[in-house]
Amino acid sequence: MSTSTLPVDQPRPVTGVTPPSLLTLVRVELRKSYDTRAGRWLLVTIGLAALAVVAISLFVDDAPKTFADYFSFTQLPVGILLPVLGILLVTSEWSQRTAMTTFTLVPRRSRVLTAKVLAAAVLGVLGVLAAAVASGLATVLTPVFTDQPMDWSLSAAQAGQVLLVQVVYVLSGVAFGMLLLSSPLAIVTYFVLPTVFTIVVNLVSALDWVRDWLDLGTVTQPMFEGELDGQGWAQLATSAALWIVLPMVIGWLRIERSEIA
Amino acid sequence: MYYSRPMRVTGRVGQAHPMITIDHLTKRYGAQVAVSDVSFSCQPGTVTGFLGPNGAGKSTTLRSLVGLATPTSGTATIAGRRYTDLPNAGRQVGVLLDAGAQHAGRTGREVLSLSAMVLGVGPQRVDDVLTLVGLAGRPAAKRLGNYSLGMRQRLGLATALLGDPQVLVLDEPANGLDPEGIFWMRGLLRGFADRGGTVLLSSHLLHEIEAVADQLVVIAGGRIVAQGSKQELLAGRGTLVRGPDRALLHRALDAAGIPVSPGPEDALLADAEALAVGQAVAAAGVVLTELRPAGGEGLEELFRSLTGSAGTGQQVQEVLA
């Protein structure tokens with residue numbers, strides 16, 4: 001085999017090469033989220049689940065039949081599955097040991113982590129858009145299959161708060177991924193820990209304040225209808241600090257300092 | 001003793017600007033010292049073989065060089081800069097540390113395409129390196145889960161070459177390659193160095209790298225035990241002598257005042273010129289079956305003497321296999 005196809009210039013200065021832009025790194029991370037079978041099937045499943053949810057609400061007689069209702073329902077599968085994609089965005093680098101290549105190509109690890117956070121946020125927005133498409137489809141079909149008219153009304157508050165809550169969820173997944181660096185451990189913990197937390201704070205009345213200020217599930221519930229109010233925003237901030245900022249900061253620092261092997 | 005311990009043969013004096021410089025590098029994990037006070041440098045246009053048994057500290061040294069591990073003390077630099085301070089590291093240094101460290105669900109082409117995006121090189125470059133390493137066509141479209149170790153090594157080399165770097169850092173790149181593949185890789189690395197590139201590659205097998213390396217750095221137990229040009233390390237290190245009666249031979253050489261150490265198999269290594277050995281043996285009337293300047297046995301003997309203590313004997317066998 002010949003090596004002459006590889007032009008290597010005579011000694012060149014090790015300067016004048018620009019680092020990859022953050023936009024490039026975000027595009028790379030987005031591509032990583034769908035270029036494996038696991039990632040692609042997760043995205044397909046999210047789309048199918050959104051369609052299944054609107055189909056159910058379309059054909060169940062007493063379910064409300066407006067675009068806003070469909071839009072609200074479809075957030076459920078998106079909100080459950082998209083954080084898994086956020087987790088895998090981080091943990092697959094360790095489970096599949098690609099972190100070695102990733103961090104030798106971009107040795108400033110915080111740039112990679114920033115790109116992952118931004119890519120996850122983009123995925124959150126795309127998830128909401130997919131839910132909106134499914135909801136639009138159901139709205140168009142509403143007069144066909146039911147005796148109700150098309151109702152396209154959607155408040156800006158609901159659209160905005162739904163977008164925000166999905167980004168919050170997917171970033172929570174990224175934070176769990178960064179903290180635990182293991183796909184199965186992070187996925188199980190992401191689902192079990194907040195659920196146990198919600199059950200406990202709801203059972204013990206002395207923990208009502210914890211539920212109101214630190215339980216992300218409880219705090220974000222009104223956002224699906226766009227009904228988060230003044231104190232709700234403060235409660236969202238404190239809950240996000242516990243479920244996103246805290247695990248992400250600990251995980252981020254550990255990744256920055258740890259040895260990649 | 002055949003060699004002083006530790007031995008340092010100064011090679012290539014007068015070449016001013018090394019491309020890779022490892023300077024008093026030490027890496028501890030808790031109480032365990034993985035690498036202790038390691039120093040060596042690699043010049044442009046040369047291939048450096050980094051040789052040692054498994055667990056000797058090769059990978060730790062290379063990980064410290066490319067910013068995946070932080071040295072406890074000392075420095076490792078590329079052209080005078082820490083790896084993490086290089087503007088676009090992948091365009092300057094091609095790295096292959098573990099061919100198995102790739103996502104099993106991606107195709108070979110996809111792995112390269114992702115790296116190409118980061119490096120800012122076009123899709124044409126992906127095709128070029130796929131052709132270069134012999135993975136063009138159908139292999140490039142296969143998922144890595146279906147790759148043999150040899151194919152993964154080729155893909156890892158392709159990744160390292162993708163950014164058209166001036167430096168290659170390769171950890172055990174010959175692992176899993178068949179003899180034809182090892183021959184091919186030697187040619188590729190030789191060509192890279194001959195065009196002015198700098199190559200640092202590690203191996204636990206002497207024969208894998210002795211054919212291509214200009215310089216050898218030998219590490220055992222986290223310490224450099226020998227380094228220098230291959231000629232310096234391998235040549236002129238006494239005489240290999242063999243006869244039907246080993247004990248008789250040994251006594252004859254002792255009587256002539258020639259230091260003797262055990263050689264490979266039943267041979268002896270005499271620390272003297274062939275003429276002096278022949279004269280001593282003839283004077284004692286001992287029969288010989290072999291008498292020649294020691295070649296690679298010099299380095300093999302070095303391994304035996306420096307790393308052959310209890311517990312590492314099996315590893316030394318691996319190096320010499």
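Across every pair of non-identical alpha carbons in the range A:107-195, the mean reciprocal distance, once inverted, gives a Kirkwood radius of 15.6 Å. Between helix B:297-307 and chain B, what is the angle of the helix's C-alpha long axis to the longest principal axis, kept within 0 to 90° and rounded to the nearest 10? Around 80 degrees separate the two axes. For the range A:66-82, 3J(HN,Hα) computed residue by residue from phi via the Karplus equation (6.51, -1.76, 1.60; θ = phi - 60°) reads 9, 4, 4, 5, 4, 4, 5, 4, 5, 5, 4, x, 4, x, 7, 8, 4 Hz, glycine and proline entered as x.
Considering only A:Phe103, A:Thr24, B:Trp184, the residue lying farthest towards the positive end of the dipole of the protein assembly as shown is B:Trp184, judged by Cα position with unit charges set on Cβ. Computed on chain B, with alpha-carbon pairs under 8 angstrom and 6+ residues apart, the relative contact order is 22 percent. Here's how it looks for B:Ala220: its modeled amide H is under 5 Å from those of B:Val225, which are all 5 or more places away or on a different chain.
Shielding value for B:112-122 is 4, the average number of Cβ atoms from other chains within 10 Å of each residue's Cβ.
For the range A:134-234, chymotrypsin sites (Phe, Trp or Tyr not before Pro) meeting the loop criterion (DSSP other than H, G, I, E, B) and having at most 15 other Cβ atoms within 10 Å: A:Trp152.
Scanning residues 5 or more positions from B:Gly228 or on other chains, those with amide H under 5 Å from its amide H are B:Leu216, with H placed 1.01 Å from N in the peptide plane.
Compare A:Leu88, A:Leu154, A:Leu113 in a GNM of chain A, Cα atoms joined below 10 Å, and give the one with the largest fluctuation. Result for chain A, Cα springs under 10 Å: A:Leu154 fluctuates most. Pairs of Cα atoms in the range A:22-257 fall into 5 Å distance bins, from 0 up to the last occupied one, in shares of 1, 7, 13, 17, 17, 15, 13, 9, 5, 2, 1, 0, 0 percent. The tail of the calculated P(r) for the protein assembly as shown, taken as Cα-Cα distances beyond 36 Å, holds 50 percent of the pairs.
Among the trypsin sites (Lys or Arg not before Pro) within the range B:99-130, not one is in coil by DSSP while having at most 15 neighbouring Cβ atoms inside 10 Å. Take each residue in A:24-36, count the other chain C-beta atoms within 10 Å of its C-beta, and the mean is 3. Look at the stretch B:74-84: the mean tally of other chain Cβ atoms within 10 Å of its residues' Cβ atoms is 1. Evaluated at q = 0.11 Å⁻¹, a Debye calculation over the C-alpha positions of chain B (equal weights, vacuum) places log10 I(q)/I(0) at -0.74. Among the lysines, which have Cα under 27 Å from the Cα of B:Lys142 when same-chain residues fewer than 8 positions away are ignored? Hits, sequence-local ones excluded: A:Lys32, A:Lys116.
Each value in this text was obtained by applying a stated rule to the coordinates, not by laboratory testing. A quick note: this is a predicted structure, and the numbers were derived from the prediction, not measured. Cβ sites come from the backbone with ideal geometry, for glycine too, and all protein chains shown count toward neighbours.
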